[in-house]
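Here the structure comes first, spelled out in structure tokens, and everything after it is commentary.
The numbers here are math on the coordinates, done by the rules we state, and not lab data. Keep in mind that what you see is a predicted model, and the values were worked out from it rather than measured. Cβ placement follows ideal geometry from the backbone for every residue including glycine, while neighbour counts extend to all protein chains displayed.
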Amino acid sequence: MEPIAYIHTDFPTKFGLPRQSGLVEALEGQVVFLPAYSKPEAFRGLEQFSHIWLIWEFSAARKQGDWSPTVRPPRLGGNTRMGVFATRSPFRPNAVGLSSVRLERVEPHTPQGPVLHVAGADLMDGTPIFDIKPYLPYGD
């Protein structure tokens, strides 16, 4: 997979980030697309949705070598080992994250191309975005 965009937030490092999207609704970010994906028609109709899914890479949590089948989640005090698939740990076989964020607005024509303004994001500045999808309340 290759990134289609990067998010810009006020968090240059992972420290201080909320553990989950939506926990701090006031956090804002802008999703800026790479030139190959910044065609305004690709965003037609997106403004109809209140929320979107961001599919992204845990770029600050890349592990070298083998993955571990268990992790120590901070919400359990870091003392209990859980299976990685029973957690939302960034240390996964594939470092892919999924966040539901509120879509504040779509700005289709900027010098950078289309920009999505979002709120409630739990991503650090510069996180690569692999895809976006509309949030559908009846199914999500």
Each label sits 7 Å from Cα toward the beta-carbon; between M82 and H117 the label points are separated, in nm, by 3.5 nm
In the neighbourhood of G113 defined by beta carbon distances under 11 Å, the net charge of the other residues (Lys, Arg +1; Asp, Glu -1) is 0
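Counting Lys and Arg as +1 and Asp and Glu as -1, what is the net charge of the other residues whose Cβ lies under 13 Å from the Cβ of T70?
Details: positive: R72, R81, R92; negative: D66.
My count for the surroundings of T70 gives +2.
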Using alpha-carbon coordinates alone, the radius of gyration and Dmax of region 68-140 in Å work out to 16.2, 49
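Going by average Cβ density within 10 Å per residue, which order do the peptides 91-98, 40-47 take, highest to lowest? Walk me through the numbers before you get to the answer.
Working: 91-98: 14.4, 40-47: 12.6.
Packing order, densest peptide first, comes out as 91-98, 40-47.
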